[in-house]
Structures are given as C-alpha cells and as structure tokens.
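Worksheet for the structure shown next.
The values are calculated or read from the model by the stated rules, or taken from the named source; none is laboratory data. The shown structure was predicted, so the numbers you read here are calculated from the model rather than taken from an experiment. Using ideal geometry, Cβ is built from the backbone for each residue, glycine included, and neighbour counts are taken over all protein chains shown. Note: accessible area is taken over every heavy atom of the protein model, side chains too, but ligands, DNA and RNA are not part of it. Shrake-Rupley method; radii C 1.70, N 1.55, O 1.52, S 1.80 Å.
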Amino acid sequence: MSACPTRCFLERQLPFGGILSAHRSLELHRMDMSSALTTAASAYLGTGPRLLMAKGALSEIAAQLASRCPEPALLLIPDMLELAELYSVVSGHRNLRVRLEKITTDSCRKFHVDCVDLRLLRAYVGPGVQWTADEGRTVQEAPTGAVVFLKGKHFPGWDEAEKILHRSPPLSCRPVEERIRLLLTIDEVNACPDAPFDMTT
C-alpha cells in the first residue's frame, strides 16, 4: 500500500515550522534529488528560458508553469508546486511568486538581508545559498537540493531574530563546468516589486 500523500506532505512540512521561531532567521533541510528530478533540471538548463516566473494562487501558478516549461523539464513542476504549497502553509501567504532562474554570474555576491518577509530557496543544479552569522568570518553553504527558508527584514519581529546575512555563491572562482546554477525562489506575490524581472532567455 502506498503512503498517504497528505501524511507525506505534513511530515515534510513539520521540520520547516522552526523558521517561525522568534530567534530563528534560517531553516535548512537536505532534500533528496531523485534521478528524474536531476534529469529534468539538466534538461531545463539546455532548453529552458533564463527566467521562468509564475504568480498567483497555486492553481494559477500550476497553469502558468505548465504552459511555459519546456517539455523535457516538465518533471520539475510537481516539485516546484509542492514547495510552493509548503511555503504557503508555513508563511500563510496564498498568492505567491515562483521563479526558476539560470545563474551563470557572481550575482548578489555581497552578503545582505532581503527586503521580504520569508523566502524559500532550492538549487536544483549547483551550490545553494551561502550565509554567515559572524559578518563573513565563517561562511556556510547549502548543498545542492537543500531547501532553505530565510527571514527577511519585513518578517514581523525580525529585529529580535538572529542576524544572518546571505549571498549567492560566487561562481567565477569555480571550475568552468561548475559555473551554473538552477535556482528556485518562492516569495509572496508582491515581494521586491521594484526588481526588474522578465521572461527573456
């Protein structure tokens, strides 16, 4: 007998509730990358646009992703939707913004705090987010596939939480074949409204 999907979802959700603790600013959990998911991520790097973005309720996001994601990479969609649902449950937001982006530069290379309340990150390809709790003296890095929740400046009570700064891992210092990331970012729908996002390749 197969496991109950609802029970599996709840079991996956429970560890991430720690991000709502007053003192926490980061919650990281290693998540398995199945061979099918890894293959789909590689296919997206070869056939997908530089930035794939969807906004709205989960049903709207599902429709937008299905119409815009290249066929060889369609197996990414169920994972993105499950993580969007996870983010919705943990954050309380019902309207979201989901971004899947190819990154090949040292973007966001300075340590910073985002102007959002809560953000979810998962690197399907390449290194995950880097962070520091001591102004850069010690730097930690999320492994590929890990799911990370980060509090931003707009999270209620953020001033009382541990001060963690984060950045995109610099790629220019890595071997040529490792200078690419496929990053999923999930926020509430109006996060960073002034940021210039588009759907171009």
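Figures for the structure shown
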read-out	value
Matching option when the condition is open to solvent by 10 Å² or more (accessible area, probe 1.4 Å), modelled with pLDDT of 90 or more, more than 30 Å from residue 39 (Cβ to Cβ) and out of contact with any Gly (no Cβ under 9 Å at 6 or more places or on another chain), among 93, 166	93
Selection count, region 57-90, where residues are open to solvent by less than 50 Å² (accessible area, probe 1.4 Å) and either within 14 Å of the chain's Cα centre (by Cα) or under 23 Å from residue 20 (Cα atoms) (or both)	12
Filter result (part of a loop (DSSP other than H, G, I, E, B), more than 17 Å from the chain's Cα centre (by Cα) and either on the phi > 0 side of the Ramachandran plot or without any contact (Cβ under 8 Å) to a residue 60 or more places away in the chain (or both)) within region 158-181	173, 174, 175
Residue pairs meeting the criteria (Cβ under 6 Å; at least 6 apart or on separate chains; first assigned to a loop (DSSP other than H, G, I, E, B), in region 129-157; second open to solvent by 10 Å² or more (accessible area, probe 1.4 Å) and acidic (Asp, Glu))	152/114; 152/117; 154/117; 155/117
Subset of region 134-150 [farther than 13 Å from residue 168 by Cβ and modelled with pLDDT of 95 or more]	138, 140, 143, 144, 145, 146, 147, 149
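A quick yes/no check of all residues on (1) surrounded by 14 or more Cβ atoms within 10 Å (Cβ to Cβ); (2) of a type outside the set (Val, Ile, Thr); (3) touching a Cys at 6+ places or on another chain (Cβ under 7 Å):
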residue: 115; (1), (2), (3): no, yes, yes
residue: 125; (1), (2), (3): yes, no, no
residue: 132; (1), (2), (3): yes, no, no
residue: 150; (1), (2), (3): yes, yes, no
